[in-house]
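The values are calculated or read from the model by the stated rules, or taken from the named source; none is laboratory data. Small disclaimer: the values here were computed from a predicted structure and weren't measured. Don't worry about glycine lacking a Cβ; one is built from the backbone with ideal geometry, like all the others, and counts go over all protein chains shown.
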Amino acid sequence: MLLLALMGWWTWASATGLVGYRGVPAMADDTRVVLSLLRVDAVHGDDRYTLASGATLIDVVGPTMGLSVGDDVTIGGTVVGGHVVEQWREPAPDRGQKRLLGVAGLVAIAVLLPLGIRRDQAGLALRG
Amino acid sequence: MADLVTHLCTALLPGALVRSPLVVVAATGAALPDLLGRAVPLTLDGARRAGAPIPEAAIWPWVGLHEPFGWTLVAILIGQLFVRRDRRRVVLALWAGGALHTLLDLIQGHHGQGYLLLAPFSLRTFELGWTGSEATVGWAVPLAIATAAAWVVRVFATRSRA
């Protein structure tokens with residue numbers, strides 16, 4: 001019950017922009033923001049691009065040289081008229097490797113779990 | 001967040017010194033916040049972007065399970081899958097793993113966009129900022145090799161004693 005309440009709270013907090021980035025476009029002008037580790041969803045010419053956090057899209061004004069769709073970046077900037085004017089940007093080129101390590105970790109867990117846990121008639125049980 | 005291999009190694013490397021099936025449970029606990037709070041939403045988001053009819057709201061609730069209140073409750077739920085005599089030990093081992101996970105994540109820096117450790121009771125974010133968010137990618141493979149070596153030594157030592 002508590003777990004469902006917690007998950008419900010996160011859904012509400014995300015929908016209202018209390019957590020996450022959904023509330024960024026609605027922020028007052030000149031609000032300073034940091035958008036951490038978001039994916040480049042689209043590049044529009046030399047000075048505009050769109051970042052995605054899930055289905056939330058945030059338009060950014062900033063140089064697009066060296067930026068490609070699918071890149072992960074962290075940027076800092078200020079909100080102006082519903083978009084973010086980039087002041088600094090930090091690329092995160094190792095995110096792809098991190099995802100591969102995530103898959104390797106999943107495989108490791110699948111291999112390890114049967115070494116410590118077995119099935120019992122009454123449920124799962126520790127080995128030994 | 002650190003990568004999953006490094007998270008697993010934080011429990012498995014010292015666990016090579018301990019002869020208990022709880023080491024595997026603690027390692028699972030160390031991975032649990034990312035499995036639920038990152039892998040599930042990323043998978044759902046990937047499927048959504050590929051055209052699956054998944055509403056964005058179906059992704060949000062999972063994110064909260066990465067934070068302490070979330071994985072603490074999930075650990076209790078997982079504990080109920082175990083036979084009565086093992087439940088308490090399993091939950092404690094999962095909590096220990098989850099605490100290792102959060103401690104490792106905390107050493108990273110995200111330019112002030114830290115972790116909501118006290119959510120939903122507070123929206124204050126925490127991070128120590130000692131390393132970058134991708135720093136563990138470089139450690140993961142050497143750490144995995146060291147962990148595997150420690151376990152090989154342990155298995156041989158156990159067999160030679162038997």
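Before moving on, here are some points about what is shown:
- Number of the exception - residue B:154 against (1) without any contact (Cβ under 8 Å) to a residue 24 or more places away in the chain; (2) more than 12 Å from chain A (Cβ to nearest Cβ); (3) outside any loop (DSSP other than H, G, I, E, B): (1)
- Candidates are the residues of the range B:56-68 that are touching an Asp or Glu at 6+ places or on another chain (Cβ under 9 Å) and in a helix (DSSP H, G or I); the one that is nearest to the other protein chains (Cβ to nearest Cβ) is B:56.
- Failed item, numbered, when residue A:92 is tested on (1) surrounded by 13 or more Cβ atoms within 10 Å (Cβ to Cβ); (2) of a type in the set (Gly, Ala, Ser); (3) free of Cβ contacts under 8 Å to residues at least 40 places away in the same chain: (3)
- Restricting the range A:91-116 to residues that are outside any helix (DSSP H, G or I) and within 7 Å of chain B (Cβ to nearest Cβ) leaves a set whose member that is nearest to the chain's Cα centre (by Cα) is A:92.
- Lone qualifier among A:82, A:105 - being in the same structural domain as residue A:33 (by TED's automatic domain parsing) and out of contact with any strand residue (DSSP E or B) (no Cβ under 6 Å at 6 or more places or on another chain): A:82
Let's see how each residue does on (1) at pLDDT 95 or above; (2) among the charged types (D, E, K, R); (3) over 19 Å from the mean Cα position of the chain (by Cα):
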| residue | (1), (2), (3) |
| --- | --- |
| B:56 | no, yes, yes |
| B:82 | yes, no, yes |
| B:93 | yes, no, no |
| B:97 | yes, no, no |
| B:102 | yes, no, no |
| B:106 | yes, no, no |
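- Residues of the range B:20-27 include at least one that is more than 8 Å from every other protein chain (Cβ to nearest Cβ) and either within 28 Å of residue A:53 (Cβ to Cβ) or assigned to a helix (DSSP H, G or I) (or both).
- For the range A:7-53, a residue qualifies if it is within 23 Å of residue B:47 (Cβ to Cβ) and touching a residue at least 12 places away in the same chain (Cβ under 8 Å), and the qualifying residues are A:20, A:21, A:22, A:37, A:38, A:39, A:40, A:41, A:42, A:51, A:52, A:53.
- Picking from residues in the range A:44-55 that are touching a strand residue (DSSP E or B) at 6+ places or on another chain (Cβ under 9 Å) and surrounded by 17 or more Cβ atoms within 10 Å (Cβ to Cβ), the one that is modelled with the lowest pLDDT is A:53.
- Flag for residue A:82 being within 21 Å of residue B:132 (Cβ to Cβ), away from chain B (no Cβ under 11 Å) and loosely packed, with under 13 Cβ neighbours inside 10 Å: no
- Among the residues of the range B:69-115, the ones that are closer than 24 Å to residue A:75 by Cα and either within 11 Å of chain A (Cβ to nearest Cβ) or not in a helix (DSSP H, G or I) (or both) come to 9 in all.
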